[in-house]
Every structure is written in C-alpha cells, then in structure tokens.
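Comments concern the structure below.
Taken together, the values in this text are just the output of simple stated rules run on the coordinates, not laboratory data. Model, not experiment: these values are computed from the prediction. Glycine gets a Cβ as well: all are built from the backbone with ideal geometry, and neighbour counts include every protein chain shown.
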There are 2 protein chains.
Amino acid sequence: MKLRVKDIDTSSGGPLIAVMNQKDADLLDLHVMDRLKIKKRGKIDTVVLDVTQNSKIVPKGKIGVFEEVVNSLKLRNDDSVQISVARKPLSIDFIKNKLNGQRLSKKEIYQIVWDIVHNKLSSVELAYFVAACYTNVMSTEETILLTKAMVKHGDVLNLHKYPVIDKHSIGGIPGNRTSLVIIPIIAAAGYYIPKTSSRSITSPAGTADTMEVLANVTFPIKKMKEIVLKTKGCIVWGGSLNLAPADDKIIAVERPLEIDAESQLLASIMAKKYAVSSTHILIDIPINKDAKVRNRAEALRLKSEFKKIGKKLRKHVKVIITDGKQPIGNGIGPALEARDVLWLLKRDPRAPIDLEKKCLMMCAKLFTMIGIKNGYSKALEILNSGKAYTKMAEIIKAQGGKEIAPDKIKIGKFSFDVLSKKNGAVKWIDNIYISKIARIAGAPHDKGSGIYLHKHLGDKVRKGEKLFTIYSESRHEFEYAKDVAKNSKVFIIK
Amino acid sequence: MKLRVKDIDTSSGGPLIAVMNQKDADLLDLHVMDRLKIKKRGKIDTVVLDVTQNSKIVPKGKIGVFEEVVNSLKLRNDDSVQISVARKPLSIDFIKNKLNGQRLSKKEIYQIVWDIVHNKLSSVELAYFVAACYTNVMSTEETILLTKAMVKHGDVLNLHKYPVIDKHSIGGIPGNRTSLVIIPIIAAAGYYIPKTSSRSITSPAGTADTMEVLANVTFPIKKMKEIVLKTKGCIVWGGSLNLAPADDKIIAVERPLEIDAESQLLASIMAKKYAVSSTHILIDIPINKDAKVRNRAEALRLKSEFKKIGKKLRKHVKVIITDGKQPIGNGIGPALEARDVLWLLKRDPRAPIDLEKKCLMMCAKLFTMIGIKNGYSKALEILNSGKAYTKMAEIIKAQGGKEIAPDKIKIGKFSFDVLSKKNGAVKWIDNIYISKIARIAGAPHDKGSGIYLHKHLGDKVRKGEKLFTIYSESRHEFEYAKDVAKNSKVFIIK
C-alpha cells in the first residue's frame, strides 16, 4: 500500500510511531500497536501503529508520522511511502512468557533489552515487562543477565585501571550528599573513582543537581574519561551519558505507579557501575519506613542479592545498611547541600557533623575493600589536611566550574524560620514533609530553594528556637511552602 | 501558570492528553503521565501530561492539546488557559495494590472502572491493571464486582420482560455462527432474545460482521429496543452501543500481548448480558488446543466461575463445553457464513449439518432452562416449518436489510480449490491456518472473501477431490492467500 506522508508535528519521546486512518488500517487488517514497515528510498523503518477515525487528523490515503519517524527516514510532507505489515518484535512473546511466570533465557533478556534501547516497544508493552518482573520476581541469574544486557546495549567507559572505586546510596533520604565528600577524599588518596549520578526524580535534589551548583555535570563519555584520567575523580550526570540506556526507559514507565521492581533496581545500579568499569563498589542502603527500602529484612534481602550479583560479575561489592530515619546533613536542596559540602571540605565549624561521620565511615569501608588499613584515620587526615578540598577544587575546575567560597553560594532570598512551640527534644522528623516542602519551595529547579535544618533527632530544643528555615527563590512558591509547613507536623518535640 | 493553546491536530483515541515543553513542566515539577488541570472559562478538565524537549512541537509558554481536549473545553489556537497540578486518579493506588497481590474492594473496583470509562487512565496505567488482574487472578467476588461496575458505568437496555434469553460462544473456532440460527428459532418460539455481538478482532468474521451481510448492525440502544420489542430478537453490533464501555478499553490494551485475564473474560461476557437484562444465559465453551480455552480442565474452571457469578447476579446460567477441534459450518468469512445460515434456515440441502445440530442442541438447552420440554424437537419443528426463516426475514427487515436469496449473496470472484493429494480420511484440520488464510484472502473487511470447506474431520476423501475453496474479492490478496495455502499443512489426510 502506498500512502502520502503527513508530518503531524508531534514527538513520542522515543518510539517510532505512525498514525493511519481507520479505513486504510482495516484494509491491511491492522490495529493499534501493530507494527508497520515504512519504506522510503530504500530505507525501511518498523514503526508502532496508531489508528484514528478522524479524517481531520489523518485522512484516508495519508500516513501521519511522529518527529522520530520524520527524522529517521528524512520524510517531508506529501512524500509517497510504501507501507507493509511487519512482525511484532520478538520480545513481545518473551514478555508474555514472563507474565506467565516463566524464567527468561539469556537470549530472551538480551532481545528485550535490545528492543527497549532501539525504541521497538510501545510504552504499554514496556509496562507489561515491568509488571511481569514486578509480580514474577526475577531470579538472581535473570537479574545478572539483565544487568549485562543493559551494559552491552549502551556505551562503556573503559579506564584500564585497577582498582576503580565506586559507591552508590539508595535514595529516599533528604540530603545524604555523601558522594561530594567521598569522591574528593578517595581521589586525593590516589584512587580512580569515576562517579556518575542522577538528577532528582521525586526528591529535592540529586547528586547531579547539587554538583551542578559548583560545576557542569553534562558531558559526553569521552570528556568524562579525560576528566577522570586527569583528576582521578568526577561527579557527572549519568543521564547525559549513554550508559545502560535501557534503564532510563524502564524507569519512565515505572513512574506512573511509582513501582520499583527489585530486579530492575539491582540491575539499574549494577549496570551503571559495570559500565564505568568499577572494580570495588560500596552500596549504602539507608532504611526507614518512608524510604525506598522500608525495613531491615528488605535491606538484608537486597544486600544478599547485591553480593550474589557482584560475585557473578566479578566485582568486589560491599553493602552497608544505614539509618535513614532523618535527613543527613543540614541543607536540603542543591545550593544548601553544596554549601554544606564545601563547609565540610573546608573544615568550617558550620559543617554538618552527621554527614562528615557517614562519609568517613564509608571511606573507611572503601579503603578496607582495597586492602588499606586504618581507613577512617586516613580519610580524616585527607580531610583535615585540606587535600580533599584541593582535590574537589581540581575536579570542579576540570568540570568547567570556578572555585567559590561556600558563603558566596546563592541561597533563595525569601526565608522563613519554623520555630519550636515548646521545650523538649526532637523525637521525630518527617522525611516526606521535609522533601515536599523543599520541593514546593522550588528545589531542585530553583537551585537556591530548599530547607536548612537547625536540629536533628535527639537534639534539645527550647520554645521559640529555630527548627528549620525554608528558603525560596520565588515569592509565590515561598508562600505556598510556608503554608504547607505551618499546616503539617514536620518535627515532633517531646 | 498561564499557557497559550496549540491545537496539535492529533487524537489519542480516548484519554485527554496535553503536551508541555520540558521547561514549563520543570517549573511545575511535572513529569510524563502526571495530571494537570486545564481551566478555560470556568470549565476544568484533568488531563494526562506528555512532555517534549522539542520547541518546534510545543514551545515554552504553550500547551499542546489533543483533539479530545480541544473538543471537551472548546479550545482554539492561542486561547489562554490556566494550568495547575492535579492529583493522579485515585485508582492508580488501587491498581498498585492489586499488583502487590491485594484484593480490591467494591469501592476500589467501581473507582477503577469509573476512571477507565471517563478516560482518566493512560494506556500504560490501564496495562498495569490488566497485568495485575492477569498475574494476581481476581477472586469470584472481585469478578462479580467488576461485572457490576462495568454495567453500572454504561448504558442499559431495560426490556421489563421475563424471561429474556441470551447466548454466548467463546471465540477461537472458525465459522461457528450459531447466533444467526438460534436467535430466529427462539424469537419464533415467542421469547425475547436481544443479542449483541462483536466484530472480528483476530478471526475471519464475528457474528456482527456476518449479520452485516444481510442487514445493518449499528444502532443506538433506543432503536435496538424498538427492534426487540417488535420482533423479539435482534443481532446487532455491541460496539455501537454503550454497554459496559470499560470492557472495550480494557480489550484494547490486552491486544498488544494477546493476553486475556480470566476475570476480564468473565466480567466482559457477563456484563454485556447483564446490561441487556438477560435472565437466562447459555454459554458455549468450545475447547481445542488452539482455541481461547485450551482444554477440559480450563473449561471446567471457567464453567464453575460462570455458574458462581450467574448465581450472585441472580441470572440462570448454563454452560456447555463443546468440541472445538474443527470449524463449525462450511463457510468461513462473512458472506460465506451468511449463505450457510440462510441455506440452513431455508432447509436447503447444502446447509452444513454440523452447524444445524449444534444450534438445535443449544436451543434445546435454552428451552429446558425456561421449563419447556422436548426442546430439540420443538426447535427442529420451528426450523422445518419455515417459522425460523420467516422470523429471520422479519429481523433482517427490522434492522434495515432486504430479503435476499442465499445464492444471490456476493462471494469473492477469485476462487481456488485446494485438492487432496491422496486417498484417505480427514484426520486433522488446522483452525489457525483456516483463519489465517481466510483473513489473508480479505475476510472480514472484504465480506465475500474467505474459505469454503468441502470436508470435515472423519470424512473420506479421494485423491484430487476438493478439500476447501479460497474465495477473494481482490487479485492481490487472493494470490497471497493461495500461496500460504499451498505452503502450509491445513488438512492432514491419512
């Protein structure tokens, strides 16, 4: 069948999609989400079909094409193209098998990941894959295959060094900006630590958002390699690299229901470490009933899976389970967190002691992993000597940033102090509300917005004393955040 | 936030969808598939968000709207609209609970169905619902609630008569056009039988496709009621009515993976019977390893579920398990099936005896259900006396059709006989290939295309004798169908 092109000026954000009029679709017995081959000047694309009955949108005789198809086949309006029926991707059958409770083979998992990376699956089909792995939990073997497949179908940073150190903290705890302290300490000690990190999805800041206050974080993989070879460390945004790209597409369809299939969580983390050729990986699992990992039993299960997968991938993996009951550090939001980090590296007395302790403990674990004794003292010595700060300044420069005094970091001009209504001690801090208020105030898109905590769990507090301060860059968001703070129980004082 | 409207001339086929530029979306911390309120002149719609980074598609400051939103809010290009963040539909949490293995409550099921009917869920979210019900099979109670909710959120045909008879054959068997014989027999006997039927999805013809050869099948519910009150029976297309509309939307997302969650199958059938106020329902479950129901164990399970649901809905339900090993009737494809039916009703010796026997048996069961003895003889008498044919002619007329002699029904002009290559008996007929070839020949969109069987299982056959004939309305499709027939094992003769 020959049809004429109508560029419908819409983007799918990935999958190749074309729209036919119902009448033409009926002729070829085609339905929504069937596959179609479009041929133009010898080049063929297989696209996902959408069907409309509305001739205003796509009349009979025409084929509406999304941006992705226009670009791929270099189409113009009214071009004549040849249409034929295509097989559905092989992975559709495999996904159905998984939904039926079957185990997936290596071939099947690689095919699914290939189809995901190459935008061959519609978002509905991808959702079935996620649902299948969520309800019929993948075996360790399947998760390992998924990890390897995600690495294979993406770019890889090959440093050809040993050891290559890495760390990952599972999310859900406000603040907790350990990477910005650990990376300069480890790099200053002379070890490679090529850290890729994420931007915030549902939190007030991701490591990449915070680092962006100090330097660029968006680099191609080649430039990342240059930075790491020069300074031994980096803190860049993983999303700008093409490491395990299947993962980002999977996360996108997990979002609507906020589900997180365990196998995907494991494969996602391990694939991104594997792809930058890390050899020694420390995983931090903070637990709290509101966090991603809710209790010790879940954490132990994950720990055991991480260990098994690490062993199979021939990586040294250590897992620590930490306390996620309250934010780590005082600043929540990119600029406030960046200021905390610089204070800490510059040995300013205003630095958050909880963040420092956690970072030193994690550095100690990493040093132990590579056979270095007295890691805690060593890390503390690097911090106290100013070597960690010097290294951070070097990394910031390598990533196109300028050295900045922590007190020069721009914090939102609107501020409001939330005061204690009574004397007592802090018994409870609500992580969910801390995040919510910081986000409403504008974090992470307004870097200077967020929350600064004056008290942590167990601290004594007098009536009228500051519990936390809300900062915001915009009057409108500020008022709204204040309102939410006034009407919710963020701290419990007893 | 105020944005200006850009009509992007695209239809979603249901859900209300709007597209924002990434930059605007970031300001409100919105992501793909989040919900958005659009306000215009006091009217508010909640829409599903899509996000683009391409300013050509939707620039900053604009909001791209799909047809459904344009129509609902009566928008024009460059209208200024007020945008705010909306909560996700309540049912998202319920779907997640079901995915986690929890049972759904009445309130939850009704909310999900309401959200489906009102296009509040994206297709990804709906896919999660289907996957959840597929992997964590619904209990009988949940299925009953789903049935009732689907009926409630749709139109209903209230005849205020008793009894109201109905029948349903579960699909997957080529031919098997029992409704077109049973409806006139039951109606001729003086009972109401308001039959709604489907069009083909993956088969060469649905009952609605075949009836459409003889009459119209697309009616509003008011007209359907008129027809039934006048003639006691009808054979109309369910898709044109608004009976249990949630069902069609669920089926649409089941299609990509060709999954069929048991609870949805049950609820789908029962809701459509319930919605036309049927009191006595006969369900035919043909089994065959290639059919929808693969074996006796599965059929018995379904039977027991149908009985339980019927009891709870206070409907008389009888379930028969029949042999689905071969096509029922000789014609496969709308016109060829319609001819079989008219031959049968007109007592033409060319009528297929297997179809006649099955229809008489089913009529006998229906008569027994309403307390009439000797149902088989009674049905046969109605058939032999010509009363069934007269009734069919009456229904055809009421549905806007004209009486036509069976031999005047237009059959595809291209035909090809497939001959036996040896002497023997028919040991096997491949239903899948019969359907495939009939569809490739053009059925159901070309009504005259399809297959005519000259032999059934067990029939003796000599070398060179006709096994089946392919008919097609188009040369191109004909050649392709012939090709497939020549290269596949459709009949096994031993």
*Order of A:80, A:278, A:197, B:198 from fewest to most other C-beta atoms within 10 Å?*
A:80, B:198, A:197, A:278
*Which shape class, rounded, prolate or oblate, goes with the range A:276-359 when its Cα gyration tensor gives a ≥ b ≥ c as root eigenvalues, a/c under 1.5 marks rounded, and past that a/b bigger than b/c marks prolate?*
oblate
*Over chain B: helical MRE at 222 nm, DSSP H runs n ≥ 4 each giving -39500 (n - 2.57), nearest 500*: -12500 deg cm²/dmol
_Taking only Cα atoms of the range A:410-493, radius of gyration then Dmax in Å_ = 12.3, 36
*Rank these for me by crowding, B:4, B:339, A:255, going from fewest to most other beta carbons within 10 Å.*
B:4, A:255, B:339
*asked:* Nearest 5 percent is fine: what portion of the DSSP beta bridges confined to the protein assembly as shown is antiparallel?
replied: 55 percent
_I want to make sure I understand the PRE zone here: with the label point 7 angstrom from the Cα of residue B:376 toward its beta carbon, which residues in the range B:310-326 have backbone N atoms less than 20 Å away?_
B:318-324
*For each of B:20, A:224, count neighbouring Cβ atoms within 10 Å of the residue's Cβ, then give the residues from fewest to most.*
A:224, B:20
*Out of the DSSP beta bridges found with both residues in chain A, what percent are antiparallel (nearest 5)?*
55 percent
*Can you give the Rg to Rh ratio for the range B:366-452, taking only C-alpha atoms and Rh from Kirkwood?*
1.11
*On full extension of the chain, what length is gained from residue B:416 through residue B:155, given 0.36 nm per residue of separation minus the C-alpha to C-alpha distance?*
89.4 nm
*Positive minus negative residues near residue B:387 (Lys, Arg vs Asp, Glu; Cβ under 15 Å)*: +3
*Pick out, from B:241, A:372, B:61, the residue whose Cα sits farthest towards the positive end of the charge dipole of the protein assembly as shown, with +1 on the Cβ of Lys and Arg and -1 on the Cβ of Asp and Glu.*
A:372
*Along the range B:420-434, what does the Karplus equation 6.51 cos²θ - 1.76 cosθ + 1.60 (θ = phi - 60°) give for ³J(HN,Hα), rounded to whole Hz, x for Gly and Pro?*
6, 8, 7, 7, x, 10, 6, 9, 6, 10, 8, 4, 4, 6, 4
*Restraint check, A:98/B:107; A:232/A:315; A:40/B:56; A:222/A:391; B:107/B:273; B:289/B:358, Cα-Cα greater than 26 Å*: A:98/B:107
*Under unit Cβ charges (Lys, Arg +1; Asp, Glu -1), what dipole magnitude, rounded to 20 debye, does chain A have relative to its Cα centre?*
1220 debye
*Whose amide H sits under 5 Å from the amide H of residue A:293, counting only residues 5 or more places off or on another chain, with H placed in the peptide plane?*
A:288
*For chain A, list log₁₀ I(q)/I(0) at each q in 0.07, 0.09, 0.12 Å⁻¹, using the Debye formula over Cα point scatterers of equal strength and ignoring solvent, two decimals each.*
-0.44, -0.71, -1.10
*asked:* Defining the label point at 7 Å along Cα→Cβ, can you sort the distances from residue A:407 to the same site in each other copy, shortest first, in nm?
replied: 10.7
*State the Cα centre-to-centre distance between the range A:421-483 and the range B:75-131 in whole Å.*
32 Å
_Debye, to nearest 20: dipole size of the protein assembly as shown, +1 on Lys, Arg Cβ, -1 on Asp, Glu Cβ_ = 1440 debye
*So how strong a dipole does the range B:311-422 carry about its Cα centre when Lys and Arg Cβ are +1 and Asp and Glu Cβ are -1, to the nearest 20 debye?*
520 debye
*Using the charge dipole of the range A:2-86 (Lys, Arg: +1 at Cβ; Asp, Glu: -1 at Cβ; taken about the Cα centre), state which of A:3, A:20, A:86 has its Cα farthest towards the positive end.*
A:3
*Kindly provide the pair-distance distribution of the range B:91-136 built from C-alpha pairs, with 5 Å bins from 0 and whole-percent values in order of increasing distance.*
6, 26, 36, 25, 8, 0
_Nm distances between copies for residue B:155, ranked from closest, using label points 7 Å along Cα→Cβ_ = 5.7
*asked:* Apply the Karplus curve 6.51 cos²θ - 1.76 cosθ + 1.60, θ = phi - 60°, to the phi angles in the range B:283-290 and return the couplings in whole Hz, x for Gly and Pro.
replied: 10, 9, 10, x, 10, 6, 4, 9
*Enter the Cα centre distance for the pair the range B:22-69 and the range A:246-315, rounded to the nearest angstrom.*
33 Å
*Please turn the phi angles of the range B:388-398 into ³J(HN,Hα) values with the Karplus equation 6.51 cos²θ - 1.76 cosθ + 1.60 (θ = phi - 60°), one per residue in order, whole Hz, x for glycine and proline.*
5, 4, 4, 4, 4, 4, 5, 5, 4, 5, 4
*Residue separation times 0.36 nm, minus the C-alpha to C-alpha distance between residue B:39 and residue B:402: what's the value?*
125.6 nm
*So what's the net charge close to residue B:274: Lys and Arg +1, Asp and Glu -1, counting the other residues with Cβ under 9 Å from its Cβ?*
+4
*asked:* Give me, ordered by chain and number, the residues 5 or more places off residue A:233 or on other chains with an amide H under 5 Å from its own placed amide H.
replied: A:193
*Given the Cα atoms of the protein assembly as shown, and with Rh set as the inverse mean 1/r over their pairs in the Kirkwood sense, what is Rg to Rh to two decimals?*
1.04
*What is the gain in length, in nm to one decimal, between residue A:316 and residue A:26 on full extension, counting 0.36 nm per residue of separation less the C-alpha to C-alpha distance?*
98.7 nm
*Once the Cα atoms of the range B:2-86 are picked out, what are the Rg and Dmax in Å?*
11.1, 30
*Say a label goes 7 Å from Cα toward Cβ at residue B:357 in every copy; what distances in nm does this one have to the rest, shortest first?*
8.5
*Please list the non-local residues whose amide H lies under 5 Å from the amide H of residue B:468, H modeled 1.01 Å from N, same-chain partners needing a gap of 5 or more.*
B:418, B:454
*residue B:100-residue B:229 FRET efficiency (beta carbon distance; Förster radius 51 Å; 0.05 resolution)*: 0.60
*Using r as the Cβ-Cβ distance of residue B:346 and residue A:296, and R0 as 60 Å, what FRET efficiency do you calculate, to the nearest 0.05?*
0.20
